[in-house]
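Everything below concerns the one structure shown next.
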Amino acid sequence: MFDNGSSTCEGNSDQSCTIGSTINKKTKPIEVYAFVDPICPASWGMEPNLKKLIVEYGQYFTIRVIIGKSCDCPENPSQWNKNAQLSRMPYNEKQKFKMSSYKASLAIKAAELQGKARGNRFMRILRESLFADRKDISTEDVIIECAKRAKLDLNEFEKDLNSERPIKALQCDRRITSEMGVEELPTLVFFNICDETEGVKVTGCYPYSVYVQILTETLGKQPEKQVPPSLEKFLEQHRCVATQELATVYDKEKQDILRDLKKLTLKQLIKPIHVKYGTYWKYIGDKK
């Protein structure tokens, strides 16, 4: 645990690099810092729990994604595959390249300059390109392709990508990572920004109940659970979701959620995208 202090540096896309103190306290009381790396399988594996936490208790907190220190792909592909299997998220075996997360991280910071929502969407698509499509997301061609899929302003994105702004923003994230003593990814840090008490740092991946317990303790009261949207609405919102994510969000066994997904497939609202180790479901209802 540590103090919710303040630290500023230049270059962040949405705000100065400030921890806690300048956030509007009239909004949600909890701020969650999510330290991830775009090529880290364990960070990818946290997606189901984060989605479920947002669906059930998103009225209490906001998430700020921090790109942590690089955990570049190991030269041994078998080690990367072992880590990816532990994530429980669908993935294809890694191609035989040694990839750095630095360029991908810069691209994410450049995308965030067009707003938090677009930045998050771009990061999700970028990671899908790595884990599902086996693409090297440190290459310019793949990065631009992901920007197109995320519906970014390509002219602005390319201009920002070749400027100092994403570099400064990434430096800001690295500074926050260092100041909070984050040495392992993924890590979540929960702050109550209303009373400025110490934050709670959670390193690694845990069962969903652990994050609910920490949210409750940080909030200082039992949070009220929201009713999740219909499966169709959820898929329409998130566009491309893994079976594991849906099973987690809706508290269903895999065979039960697959039965529900089959109904939506028959209605031509979604289509499956099969990869070697799992399946994604893409919403196509708006193309009918």
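General observations
- Rolling a 1.4 Å probe over the heavy atoms of the protein chains gives the stretch 124-175 an accessible area of 49 Å² per residue.
- Among the protein heavy atoms of the stretch 180-288, carbon and sulfur supply 49% of the accessible surface, probe 1.4 Å, non-protein parts ignored.
- Amide hydrogen neighbours beyond the local backbone of ILE270, cut-off 5 Å, H modeled: THR265, ILE284
- Quotient of the Cα radius of gyration of the stretch 141-280 and 2.2 N^0.38 Å, N being its number of residues: 1.38.
The values are calculated or read from the model by the stated rules, or taken from the named source; none is laboratory data. If you're wondering where the values come from, they're calculated on a predicted model, not measured in any experiment. Accessible surface areas use protein heavy atoms only, side chains included; no ligands, DNA or RNA. Shrake-Rupley method; radii C 1.70, N 1.55, O 1.52, S 1.80 Å.
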